[in-house]
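A short worksheet on the structure shown next.
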C-alpha cells in the first residue's frame with residue numbers, strides 16, 4: 001500500500017470478523033475485522049454512559065460549524081468552492097456490553113474479543129430505539145448544536161441497511177423534525193447497499209451542491225444502522241449508531257475533486273436475504289478477499305486519477321495482488337513494515353469503533369469523528385484524510401478530504417452554552433469567511 | 001390547476017385505487033387511481049405478448065440515442081448543456097391477466113376494473129423473473145440498442161421498492177453485465193421510497209453529470225418493481241415492469257434547471273412493514289389526500305421557482321385546497337373544465353399503464369415512454385413535458401423536461417440492423433451536434 005499522499009487513513013466498513021485464533025497474535029495492535037485495523041487500548045469504563053462522560057470528546061460533538069452558506073442564492077453556473085463536510089454529529093446508544101463480560105457469557109477464552117478483536121465495548125439498542133429514532137436523534141442534535149434553522153436545509157438523504165419497512169424511507173420519518181418550520185421542499189430519500197449507503201449519500205449531497213439543482217441551502221447526510229449478529233463468532237462484532245453530516249461549500253473538510261475511485265461487483269459475501277431476520281448471511285473468507293480486491297481496485301483508480309507521484313512502499317512488487325489476500329506471510333510483513341505508518345495514520349480513527357462496535361453505514365464516519373476528536377483543528381489544518389468505504393455485495397470507494405488551513409477559525413459559530421456568562425456580557429457570535437468577528441451582548 | 005405552461009403532463013405514482021363505485025361513473029374518461037387519471041380505451045388483445053406485437057411502439061424502444069458525450073473529458077468547472085434523458089428503454093413481463101377475466105374470477109360486476117379503473121390488462125411475473133432479472137433485462141437492452149460500450153457508463157443507480165435483500169443492492173447484481181468490459185468504476189447504488197425511487201435516481205444522475213465528480217461518461221437510471229396486492233379491491237391495480245434511462249448532456253429531453261418543486265412528509269398512507277410479505281398496507285383515502293396535497297405543494301414551489309406568468313385556470317379560487325380533495329362537486333367541475341386539456345396533455349401518456357398496470361417506480365417513466373411512442377420527434381420538438389412523481393410515505397417532486405428543437409436529428413446514431421444493406425453500400429453512421437452527417441461503407 002503506497003498511501004504516503006494522505007496524512008490519515010480511514011478504512012472501515014466492517015460486517016464480519018476475520019476468523020483467526022485470537023491467542024495467536026495476542027496483544028498485537030493489528031488484529032483485523034474484515035480488513036479493518038483495530039487497536040488494543042486501555043480498558044474502558046463500564047455501565048451506563050452519560051452525555052457528559054468520558055466520551056464527550058466524540059459523542060454529540062459538532063466538530064465544525066458554519067452559517068456562511070445559509071440560504072444564499074446561486075446565480076452562476078459553476079461549482080462552489082470546497083464542497084464537503086461542515087459539521088458532523090455522532091450518536092450511539094447509551095447502553096453497551098463490556099466485551100470481557102461477553103467473553104464470559106459466551107464461554108470463550110478470555111481475550112478472544114478484547115485482545116483478539118481489540119474491542120472494549122459493544123453498543124446496543126433497547127426496545128425503545130430503532131433505526132428511525134437513532135436518525136431522529138442525530139439529525140436534531142446536529143441542527144440544534146449548529147444553530148441551524150430547519151428551512152436552511154434543502155436536501156436530506158439517509159444511508160442504511162437496517163430495513164424495517166420495504167417502502168417507506170427513514171427520510172420521510174425525519175420530516176417530522178421539519179414540520180414546525182413548514183419546510184417540506186427537502187430532496188433525497190434512502191439509499192442502500194450494505195455499509196456503503198452513507199458514502200453514496202455523501203457523494204450525492206456533494207454532487208447536488210455542485211449542480212444546477214442546488215438552491216443555496218445545506219444538505220444533510222445521515223447514516224445509521226443497528227448491527228446484530230446471530231450467536232457465534234460474529235456476535236461480538238456488532239454495534240449500533242448514527243452519524244449526521246452537514247454538507248455545503250467552504251467546508252473545513254473538503255472532498256477532493258476528480259480523484260475518487262470506485263469498485264462495484266456482484267458478490268454474495270454478506271447479505272440479508274431473510275427479510276424477517278435481523279441477521280445477515282456471511283461468508284467471512286470471501287468477504288475478506290472482496291474487501292482487499294476492492295481496496296486495490298479503488299486505490300488503483302484513485303492513484304490513476306490524481307496522477308501524482310507516490311513514494312513507494314515496501315510491498316506488492318512482483319506479487320499478484322489477489323494472491324496476497326490470504327497470505328499470512330505477506331500479512332505479517334505488511335504489519336511490520338507499516339506499523340509506524342498505521343500507528344500514525346489509522347490508529348487515531350479507531351477510538352469510537354473499539355468502544356461502540358460496528359455501526360455499518362456510519363462506521364467509517366465514526367472513524368472520521370474519532371480522528372477529529374483527538375486532534376485540534378490547528379493540528380489537522382492543511383492535512384489530507386484518505387477514506388476507504390466498503391459495503392458488501394459489493395460497492396466500494398476511495399476518496400480524500402482536504403482539511404482547510406484555517407478550519408478552526410473561518411465560518412465558525414462558537415459551540416457550547418452561553419449560560420455561564422454574566423448578564424450584559426459581550427460574546428463572540430460568529431467568525432465569518434473573511435475572519436471578521438461578530439459580537440453580541442447577553443441580555444441584562 | 002394552472003398548468004398551461006407545459007405541453008404535456010405526466011402524473012403517476014399509483015399505489016392503490018380510489019374506492020369508488022365503478023358503475024357510478026361508468027364510461028367516464030376520468031376515473032382515478034390514487035390521483036392518476038386513467039382513460040377508457042379500446043379493448044386489447046389477450047394471451048401472450050411477443051416483442052414484435054402491437055406494442056412495439058413502446059416495448060423496448062430506445063427513443064433517443066447519442067454517442068456525443070462518449071468518454072469526453074471534463075476540464076471546465078461549469079455545467080454541461082442540456083443534461084437529461086438521452087435514451088429510454090421499457091420492459092414489461094410477457095404475461096398478463098386480462099382485466100375482464102379478472103372481473104369474472106373475482107366475481108365482481110363487469111366493468112369494475114375495465115371501465116371503473118380504465119384498465120385493460122395487468123402484467124405479472126412468473127417465478128422465473130424477479131426484480132433483479134427485470135433490471136438486468138432492461139439495462140442490457142438499453143445498452144445494446146444504443147450501441148454503447150459497457151465502459152462508457154460511469155454511474156448506475158436503481159430505484160425500487162421491491163426489496164428481496166435488505167443489504168445487497170440490485171445495482172451490484174447489474175454489475176454482472178459489466179464484467180466482460182472490466183469496468184467496475186461505476187458509482188451509485190439503490191434508492192428507496194415507494195414509487196419515488198426512480199425520480200430520486202434521475203435527479204442524482206443529473207446532479208452527478210453537472211458536478212465535479214463527472215468523468216464524462218454516461219449515467220444509467222434504472223427503476224423497476226413488481227406491484228402485487230392482496231386479494232380484494234386493490235389487486236387489479238397491480239403490475240410489473242422496469243425502465244432504464246440514459247442520462248447525459250446534450251439530451252433531447254433536458255431537465256429544466258432551477259424549477260423543480262419537492263414536497264416530503266411523514267405519513268403512513270402506503271407502506272410495507274411486514275417484511276415477509278409482498279403486500280403493502282394501504283390507507284386509500286389518506287393516500288388520495290396526500291397525493292393531492294403533495295401535488296399542490298410541488299406545483300406551488302415549481303411555479304414560484306420559474307417565476308413566470310401563468311394563464312389562469314378555472315378553479316381553486318376562494319377555495320381551501322385541502323377541502324377540495326374529497327369534494328365530488330369540485331372533482332366533477334374540474335373534470336368538465338379540464339376535459340379537453342386532459343385529453344390533449346395527459347391521455348397520450350396512459351397507453352402503457354392501461355395495458356400493463358402499475359409498475360411503482362417505473363410508472364411515471366412508462367408514461368413518458370407512452371407519450372414519446374405516440375408522437376414523432378418533430379411533433380414533440382420544442383415542447384415542455386411536465387412530470388409529477390409521487391411516492392407514498394411521502395416523497396414527491398414536480399419538474400419539467402424540455403424537448404430539444406431537433407431531437408430527431410442531432411447527436412443521433414441510427415438504430416436498427418444494417419444487415420439488410422447490400423455489401424459495399426454506404427450508410428448514415430451519425431448525425432453530430434451541428435447536424436453534420438457522417439457516413440460509412442459496409443464491407444464488400
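Values in this text are rule-based calculations from the coordinates and carry no lab data. The structure presented is a predicted model; accordingly, all values stated were derived computationally and were not measured. No Cβ is skipped: glycine too gets one built from the backbone with ideal geometry, and neighbour counts run over all protein chains shown.
Subtract the Cα-Cα distance of residue A:440 and residue A:95 from 0.36 nm times their separation in residues, and report this length gain in nm to one decimal.
Going from the current span to full extension adds 120.2 nm.
Given labels modelled 7 Å from the Cα in the Cβ direction, how far is it in nm from residue B:278 to residue B:375?
In this crude label model, residue B:278 to residue B:375 measures out at 3.6 nm.
If you average the alpha carbon positions of the stretch B:359-399 and of the stretch A:213-246, how far apart do those two centres end up, in angstrom?
34
In nm, give the distance between the simple-model label positions of residue B:108 and residue B:133, each being 7 Å from the Cα along the Cα-to-Cβ direction.
2.8
What ranking of B:272, B:305, B:81, A:171 emerges when the number of other C-beta atoms within 10 Å of each C-beta is taken as an exposure proxy, fewest first?
B:81, B:305, B:272, A:171
At 7 angstrom along the Cα-to-beta-carbon line, where would the label on residue B:149 sit relative to the other copies? Give the distances in nm, shortest first.
5.2
Fewest Cβ neighbours within 10 Å first, please rank A:385, A:306 accordingly.
Neighbour counts put them in this order, fewest first: A:306, A:385.
Please report B:281, A:122 as a ranked list, fewest other C-beta atoms within 10 angstrom at the top and most at the bottom. Don't skip to the answer; put the middle values down first.
Working: B:281 17, A:122 27.
In order of increasing Cβ crowding within 10 Å: B:281, A:122.
Which whole-number percent gives the relative contact order of the stretch A:92-207, counting Cα pairs below 8 Å spaced six or more residues apart?
23 percent.
In Å and from the alpha-carbon atoms only, list the Rg and Dmax of the stretch A:162-258.
Cα radius of gyration and Dmax of the stretch A:162-258 are 15.9, 50 Å respectively.
How far apart, in nm, are two points set 7 Å out from the Cα along the Cα-to-Cβ line at residue B:331 and at residue A:285?
Between residue B:331 and residue A:285, the label points sit 6.3 nm apart.
Could you compute the FRET efficiency for residue B:341 and residue A:306, with r as their C-beta to C-beta distance and R0 at 60 Å, rounded to 0.05?
Given R0 = 60 Å and the Cβ-Cβ separation, E is 0.65.
Once the label point is set 7 Å along the Cα-to-beta-carbon vector, what list of distances in nm do you get between residue A:339 and its counterparts in the other copies?
Ordered by distance, the counterparts are at 8.7 nm.
Put a label point 7 Å from Cα along the Cβ direction on residue A:428, then list its distances to the equivalent points in the other copies in nm, shortest first.
6.8
What is the average number of partner chain Cβ atoms found within 10 Å of a Cβ in A:258-265?
Partner Cβ neighbours, averaged per residue: 6.
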